Structure formats: C-alpha cells, structure tokens
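This report concerns only the one structure given below.
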Amino acid sequence: MQGIFSVFREIWQARTLLLSLARNDFKTRYAGSYLGTFWAFVQPIMTIMVFWFVFEVGFRTGKVGDVPYILWFSCGLIPWFFFADAWAGASNSFIEYSYLVKKVVFQISTLPLIKIISSLFVHFVFLAFLFALFLFYGYLPTWSYLQLLYYSLCMICLVFSLGFLSASIVPFIKDVNQIISIVLQFGMWMTPIMWSYSMVPPQYHWLFHLNPMFYIVEGYRNALFYQIGFWHNIWGTISFWGMTGCFFLAGMI
C-alpha cells in the first residue's frame, strides 16, 4: 500500500512537468510535416468516415434501435482510438524516454502518463467532433453527458494500469509490442464497436464483461443515447475496477 500511495504522490508532485512533456510529445510526433498536428485528427476522422460509408452506404446498415448508425458507431470507435493509441505509446515510454532514466534522477512511474496525456489531447477534440455530430442529428445535450468525464477517467486508469505493466516488460522482452498490436487489432473487432452485442445469444453475454473496454464503450452509449447512469450497472462497474486494479498491482510488482 505504501508503494501504491508513493506512485500517486510522485504523479502529483510531477504534474507540471508531466503536462509540459506531454505537450512536447504531442508536437514532436508530427514535427517536420507541413500540416503538423493537423494529421493527428485527420486520420481518425477519415477512418470514421470510411467505416460509415462501408457499413451505412455500402452494406446499407440501418439504425441500431432508433439511433443513427454513424452516431452509434462513433460512440464506440472514439474511445477505442484513445485506448489503442495511449496503450501503445505508454508501453514504449520507458524506452523512448530512456535518456531521462539514465542521465537524471527521474521517477519512472510517471513516464506512461506522458503518452496517455498526449493521447488525451486528441481524445477531447474527438469528443467535440462527436458532440457536433449529435447536434447535426438533432440530439441535444442532457445531464447524462457528464458521465463521459467518468468514463474518460475509467479509460485513463485502465490504460495507465495496462501501460504500467507492459512498459515494465517491453525493455526486456520487446516481442510484447507485437503482442499488444495483435491484441488491439483483435480487440477492436471483439469489442462491440461496429456491431451490437445483442446479436450474440444471451448465454454468452458474460464473455463481454471480460473485456474492460466493453464497459466503457457501452457506457458511452448508455450516457449519450439512453441516459442510463453507470450506477445502474453495479456488477459491470465492480468487474471493470477489479480488473483495472489487478493490472495496476501487477504493474507495480
């Protein structure tokens, strides 16, 4: 417990430095290109548009319930973009910032957060894009939208826990990066982002709760479409935080 509290204390003490390093990391990703950070938003938006064209125009996928497909689909894909980008970046944080570890006295437990905060900048822009889509389709904001702050916190804690674990292993076993890439590619299709989990027989629904991103994706949809509070999903909430806590403890070890 003392070690856990020390991690959060180190993060709080280095909060100003973390924000500065995160801003610098975000800018240097696209350093040298003419459009700079503009590319951080173009590629994911184009991905959403391509999927929307394929499923809604090509396959003529109709509404999911009474919800337009593009809105339903975006509510799943936008949090997944953040999760995939942040976890992949956090996993390499110890190697990428090895100069801080080797040459100065630096609390390495804060390094995965640099990548997570950097990805968070893009995520907030996409939330604004999502709200614009909702307004375009005539959906007005409700109190339930505030739950996105909670689910964003859930994603940050999940990615930090997973990143803490994978970043500790990658310097010794670099194959972990390839495993993470496969997990992210496989997980995108296994998480009900482009399809509804109601298509699966009810006796298999418990399997989805083994995927912590299912809790977040469905939470986004419940908050934005159905005004269902996360406190109504008690077992899902317990399961999510239980798995996140296990990942964090494993990373600490």
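General observations
- Residues that are within 18 Å of the chain's Cα centre (by Cα) and modelled with pLDDT of 75 or more were ranked within region 24-41; the one that is least open to solvent (accessible area, probe 1.4 Å) is ASP25.
- The set of residues in region 213-249 that are surrounded by 14 or more Cβ atoms within 10 Å (Cβ to Cβ) and under 17 Å from TRP87 (Cβ atoms) comprises MET213, PHE214, TYR215, ILE216, VAL217, PHE240, MET243, THR244, PHE247, PHE248.
- Taking the conditions (1) modelled with pLDDT of 80 or more; (2) assigned to a helix (DSSP H, G or I); (3) open to solvent by 60 Å² or more (accessible area, probe 1.4 Å); (4) not hydrophobic (A, V, I, L, M, F, W, C) in turn, PRO141 satisfies each one other than (2).
- Condition met for LEU135 (of a type in the set (A, V, I, L, M), modelled with pLDDT of 85 or more and either open to solvent by less than 10 Å² (accessible area, probe 1.4 Å) or closer than 22 Å to CYS75 by Cα (or both)): yes
- Some residue of region 173-181 being at pLDDT 90 or above, touching a Phe, Trp or Tyr at 6+ places or on another chain (Cβ under 9 Å) and either under 30 Å from LEU18 (Cα atoms) or not in a helix (DSSP H, G or I) (or both): yes
- Scanning region 75-100 for residues that are aromatic (Phe, Trp, Tyr) and either under 25 Å from ILE45 (Cα atoms) or touching a strand residue (DSSP E or B) at 6+ places or on another chain (Cβ under 6 Å) (or both) yields a total of 5.
- Check on SER74, at pLDDT 85 or above, in contact with a Lys or Arg (Cβ under 7 Å, 6 or more places away or on another chain) and surrounded by 16 or more Cβ atoms within 10 Å (Cβ to Cβ): no
- Taken over region 211-221, the criterion of being part of a helix (DSSP H, G or I) and touching a residue at least 24 places away in the same chain (Cβ under 8 Å) is satisfied by PRO212, MET213, TYR215, ILE216, VAL217, GLU218, GLY219, TYR220, ARG221.
- Scope region 217-234; condition over 20 Å from LEU133 (Cα atoms) and in contact with a helix residue (DSSP H, G or I) (Cβ under 9 Å, 6 or more places away or on another chain); matching residues: ILE228, GLY229, PHE230, TRP231, HIS232, ASN233
- Inside region 171-194, residues that are more than 13 Å from ALA84 (Cα to Cα), crowded, with 16+ Cβ neighbours inside 10 Å and of a type in the set (A, V, I, L, M, F, W, C) make up a count of 3.
The values are calculated or read from the model by the stated rules, or taken from the named source; none is laboratory data. What you see is a predicted model; the values in this text were computed from it and never measured. With ideal geometry, Cβ positions are generated from the backbone for all residues, glycine too; neighbour counts draw on all protein chains shown. The accessibility values were calculated without ligands, DNA or RNA, using every heavy atom of the protein model including side chains. Shrake-Rupley method; radii C 1.70, N 1.55, O 1.52, S 1.80 Å.
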